[in-house]
Amino acid sequence: MILRLNSMTRSSNLCSNDRSDTPDLPPHGAIQILLAEDDDELREILLECLRRADRVIHPCNNGQEAIEILARSSFDLIVTDLMMPGADGIQILNEAKRLYPDVVVIIMTGYASLDSAIQAIRGGAYDYIRKPFKLDELEVIIQNGCDKVSLIRENRDLHQMLKKTKEELRRLKDSWEENLSQVLNTCWMMFGDKWNREVELALRQVNPLAPDFDTKKREAEEKALESLQRLADLKKERSITEEEFSTFKKILLKKLTER
């Protein structure tokens, strides 16, 4: 069926919402849709025909009302006429994208031109449909827009999960470095110049190397441990003084624990 302005009826056979394939609610609940159309008859038909279990449609009858609603509430998807009193569809598009960059906007109009189509797409509109149109055509566009909304929600969730995972890894890394520093200082206090390979192996068993957060840093830590062993040998051989040993030891321990 093709919808034509000034030639529509509200007969119940215009559309049917009794579908056996009613979708499950998407993540985060039903998709919130703002429908802005100044033609009362068309708005009511669209409201009836586009309603689904996984959608909540909020109608308004002019552009200014749409902008005022956007200032109070966020929406996942907007279906708006291009030419309306108060504010046109391009103004609604611009304001919606300013407030909610991820919002999906579909523009419909009976005054389609190449310039207005280009302006809408450049402004971030998801799609553009010209009146008169078939309800099925609009439904396909809206369903595609709803699918995009679901992807945006999933990507947002994945981003949050990744952020939390990175924070947890950073916390574990900081905790490991702090524990390593404490263990090393304790070992030096206990063993002093008796530090040897056996002590180092025992230390690694008690406090294993952390996961390979940073290969270069792990290699630097291993070199620092080797240098500590060499320092202990030099002190034992009396090749360096106690003061020199303490100074070099502090430098190496600092390198082991610095980020």
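The values are calculated or read from the model by the stated rules, or taken from the named source; none is laboratory data. Everything numeric here is computed off the predicted structure, so don't read it as measured data. Cβ placement follows ideal geometry from the backbone for every residue including glycine, while neighbour counts extend to all protein chains displayed.
Reported count of residues in the stretch 26-57, each being in a loop (DSSP other than H, G, I, E, B) and either of a type in the set (D, E) or touching a Pro at 6+ places or on another chain (Cβ under 6 Å) (or both), is 4.
Let's see how each residue does on (1) at pLDDT 95 or above; (2) among the basic types (K, R):
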site: A36; (1), (2): yes, no
site: D39; (1), (2): no, no
site: I45; (1), (2): no, no
site: R55; (1), (2): no, yes
site: I69; (1), (2): yes, no
site: S73; (1), (2): no, no
site: L82; (1), (2): no, no
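Regarding S181, is this residue of a type in the set (S, T, Y), part of a helix (DSSP H, G or I) and at pLDDT 90 or above? So S181 does not fit the description; no.
Candidates are the residues of the stretch 225-259 that are under 53 Å from the mean Cα position of the chain (by Cα) and outside any helix (DSSP H, G or I); the one that is modelled with the lowest pLDDT is R259. If I go through the stretch 138-178 residue by residue, how many of them are modelled with pLDDT of 80 or more, surrounded by 12 or more Cβ atoms within 10 Å (Cβ to Cβ) and acidic (D, E)? Of the residues in the stretch 138-178, 4 are modelled with pLDDT of 80 or more, surrounded by 12 or more Cβ atoms within 10 Å (Cβ to Cβ) and acidic (D, E).
Taken over the stretch 73-124, residues that are under 18 Å from Q32 (Cβ atoms), crowded, with 22+ Cβ neighbours inside 10 Å and small (G, A, S) amount to 1.
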